[in-house]
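Here's the structure, in structure tokens; my notes come after.
The values are calculated or read from the model by the stated rules, or taken from the named source; none is laboratory data. Small disclaimer: the values here were computed from a predicted structure and weren't measured. Positions of Cβ are generated from backbone atoms using ideal geometry, with glycine treated the same way; all protein chains shown enter the neighbour counts. Side chains are part of the model used for accessible areas, which takes the heavy atoms of the whole protein and leaves out ligands, DNA and RNA. Shrake-Rupley method; radii C 1.70, N 1.55, O 1.52, S 1.80 Å.
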Amino acid sequence: MIIAFIVLFLLWEFAVKLFGIKEYLLPPPSKIWSEFLKRQNTVMASAWTTMTEIIGGYLLAVAVSIPLAMAIAYSRFVENSIYPIIVFLQIIPKIAIAPLFIIWFGFGLFPKLLIVFLLCFFPIVVSSVAGFKSVDPDVMDFARSTGASPARMFFKIRLPQALPEIFTGLKIGAALSATAAVVAEFVASDRGLGYLLQQYNGQLETPMVFAIIVLLSLIGLAIYYLVEFVERLVIPWHVSQRPTEMTGL
Amino acid sequence: MRSESPSLPEAAGQPPPRQGTGVPVEISGIAQIFRRADLETRALERIDLSVKPGEFVAVVGPSGCGKSTLLKIIAGLLEPSSGTVGIAGKRVSGPHTDLGIVFQSPVLLDWRNILDNVLVQIDLRGGNPAAYRDKARTLLAKVGLAEFENRMPRELSGGMRQRTAIVRALIHEPPLLLMDEPFGALDALTREQMRIDLEKLWLERGQTTFFITHGISEAVALADRVIVMTPRPGRIERILEIDLPRPRHKDVITSRRFADYCDEITECFMRHGVIQY
């Protein structure tokens, strides 16, 4: 994996030099790196801003989605009244609402948190609802035959049973969170990586554009793997039985 | 729905030799009609049956004769359209908790190892699982799972998982054991061994056992009485007293009388078109 990347970067470096491609079109990796080092203070400060938006919005989404999913899964009333609205809202392109948030909430951190929240929220709710509902009826019959209290039934059976699907939603949400923050900054912002990206793009500073794209990808990847790491800790019994999948790194 | 308070035996860890701890089960006039839109399915029609304390009753019948429905009604997991079930003289309303249940699939919890899957029975009842650990180990050893207590369910074969489910259903020493095609998903050899193990466990504890199956010879091999059911609507067609010595070793189940009992049930199914030649 790492070797493949090194080979790719080397090919890129030499191809750019060999064919004399202009720097503002496709800068060589060495140039991207040196430009990044020159301005790393600005970039890292922006990265911090963006990370705050990502993590804040994501945690907000987790905190709201999971209790809501429980309410939907266990209350027929909530399922019939609120869930259709949620499904309908999911169809709205969330990014299209972003400019509205600027009108409503201004330029600060809050509208960005809200956009990250919105994008992460739906996959987490939908997966969690599926998880909470996916209990084998025989398991429930067994549990009822023990006379277990509702609380005990929830913590001993329903919740652990739902965790694999909840984590599926959490990972989809994590993968979307970085995109959401950048889009929010594109719409209106005076700081953050999305803002910087637009600035550099406008000035045709292509090496910096590349540097920021790489940095954003790394942040997104780090958040995704952090969630997956937590998953390994929380539900090792599930992770180890899952067929080997795209966890390549 | 009302549920009775969970019950656990007082002393833990030292199982006394218990013979005849079963309870009587009285089933009277049970009928079950499922209504969906304007379609009405009569699943069970007037089932009357008295099960003696400690008796092993096998119910044999084709798919769709309502035998699983009957088991759920006895357990109080399903309310019958009419009729009553009494366990130990008390009328069942809502899930009855003083029993053990085994389903066709083991329904183990993926996140618990084998020992903890047995102990979840105690855990859910609000008991102290640690107090039952030794007893769980003894029971697991009895069904050949001594070395597997720390394994996860997925690491075990279907037969081993089902053994775990049986131990889970017995760990709290219930006076009644309900089994819904417990060996249905297992291969023939495993089935035979499980049958032998189950009889052993039953002879030791003497809990009233209600065993649902498709298998005619399995029913005859295990039961004191075989209830033959026919479908649509499910009703009791015949009741056979199985007068064979126990334990039912090889010479018993290869005997002439054993074969005659099986024949009798087969012919009963043939008369009702369940089996056709």
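Check the stretch B:64-71 and report whether any residue there is open to solvent by less than 40 Å² (accessible area, probe 1.4 Å), in contact with a strand residue (DSSP E or B) (Cβ under 7 Å, 6 or more places away or on another chain) and within 12 Å of chain A (Cβ to nearest Cβ).
The answer is yes, given that some residue of the stretch B:64-71 is open to solvent by less than 40 Å² (accessible area, probe 1.4 Å), in contact with a strand residue (DSSP E or B) (Cβ under 7 Å, 6 or more places away or on another chain) and within 12 Å of chain A (Cβ to nearest Cβ).
Checking the stretch B:91-101 against the condition returns a match, with at least one residue being within 12 Å of chain A (Cβ to nearest Cβ), under 17 Å from the mean Cα position of the chain (by Cα) and part of a strand (DSSP E or B).
Every residue, every condition in (1) touching a Gly at 6+ places or on another chain (Cβ under 9 Å); (2) closer than 19 Å to A:A178 by Cβ; (3) modelled with pLDDT of 90 or more, yes or no:
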position	(1), (2), (3)
A:G20	no, no, no
A:E23	no, no, no
A:L26	no, no, no
A:I54	yes, yes, yes
A:V64	no, no, yes
A:L89	no, no, no
A:I97	no, yes, no
A:G106	no, no, no
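Scanning the stretch B:113-124 for residues that are more than 8 Å from chain A (Cβ to nearest Cβ) and without any contact (Cβ under 8 Å) to a residue 60 or more places away in the chain yields B:N113, B:I114, B:L115, B:D116, B:N117, B:V118, B:L119.
Selection of the stretch B:225-264 for residues being among the basic types (K, R) and under 24 Å from B:M194 (Cβ atoms) yields B:R225, B:R246, B:R248, B:K250, B:R257. In summary, B:L178 fulfils each of the numbered conditions (1) more than 14 Å from every other protein chain (Cβ to nearest Cβ); (2) at pLDDT 95 or above with the single exception of condition (1). Within the stretch B:74-86, the residues that satisfy the criterion of being open to solvent by less than 20 Å² (accessible area, probe 1.4 Å) and away from chain A (no Cβ under 12 Å) are B:V85, B:G86.
Could you go through the stretch B:194-209 and let me know if any residue there is among the β-branched types (V, I, T) and within 14 Å of another protein chain (Cβ to nearest Cβ). Scanning the stretch B:194-209 turns up no residue that is among the β-branched types (V, I, T) and within 14 Å of another protein chain (Cβ to nearest Cβ).
Selection over the stretch B:30-60 of residues that are small (G, A, S), modelled with pLDDT of 90 or more and part of a loop (DSSP other than H, G, I, E, B) gives a count of 1. When you check A:V129 against the structure, is it away from chain B (no Cβ under 14 Å) and buried (at least 24 other Cβ atoms within 10 Å of the Cβ), yes or no? Answer is yes for this residue. The residues of the stretch B:132-146 that are in a helix (DSSP H, G or I) and small (G, A, S), listed by number, are B:A136, B:A141, B:A146.
Here the condition is being within 30 Å of B:R154 (Cα to Cα), away from every other protein chain (no Cβ under 14 Å) and either touching a strand residue (DSSP E or B) at 6+ places or on another chain (Cβ under 6 Å) or among the β-branched types (V, I, T) (or both); of A:V230, A:V182, A:V187, it holds for A:V230 alone. I'd like to check something: does the stretch B:166-175 contain any residue that is of a type in the set (K, R) and open to solvent by less than 10 Å² (accessible area, probe 1.4 Å)? Yes: one or more hits. At pLDDT 90 or above and part of a loop (DSSP other than H, G, I, E, B): does that describe B:N150? Yes, satisfied.
B:G76 fulfils the conditions (1) within 17 Å of the chain's Cα centre (by Cα); (2) within 18 Å of B:L170 (Cα to Cα) except for a single criterion, (2). When the stretch B:153-162 is limited to residues that are without any contact (Cβ under 8 Å) to a residue 60 or more places away in the chain and either touching a His at 6+ places or on another chain (Cβ under 6 Å) or assigned to a helix (DSSP H, G or I) (or both), the one that is nearest to the other protein chains (Cβ to nearest Cβ) turns out to be B:R154.
Of the residues B:D110, B:D98, which single one is open to solvent by 20 Å² or more (accessible area, probe 1.4 Å) and touching a Phe, Trp or Tyr at 6+ places or on another chain (Cβ under 7 Å)? None of the others qualify; the one that does is B:D110. The set of residues from the stretch B:145-190 being of a type in the set (G, A, S) and in contact with a helix residue (DSSP H, G or I) (Cβ under 7 Å, 6 or more places away or on another chain) comprises B:A146, B:G159, B:A185.
Condition first: hydrophobic (A, V, I, L, M, F, W, C) and either within 28 Å of the chain's Cα centre (by Cα) or not in a helix (DSSP H, G or I) (or both). Now tell me which residues in the stretch A:125-149 satisfy that.
Selection gives A:V125, A:V126, A:V129, A:A130, A:F132, A:V135, A:A148.
Applying a threshold of 6 Å to beta carbon distances and a minimum spacing of six or more residues, or different chains, the list of pairs starting in the stretch A:152-173 at a residue that is more than 11 Å from every other protein chain (Cβ to nearest Cβ) and more than 16 Å from A:F121 (Cα to Cα) and ending at one that is buried (at least 19 other Cβ atoms within 10 Å of the Cβ) and of a type in the set (F, W, Y) reads A:A162/A:F132. How many residues does the stretch A:137-148 contain that are within 9 Å of chain B (Cβ to nearest Cβ) and without any contact (Cβ under 8 Å) to a residue 12 or more places away in the chain? Count: 8. Total residues in the stretch B:125-140 satisfying the condition of being away from chain A (no Cβ under 14 Å) and open to solvent by less than 30 Å² (accessible area, probe 1.4 Å): the figure is 4.
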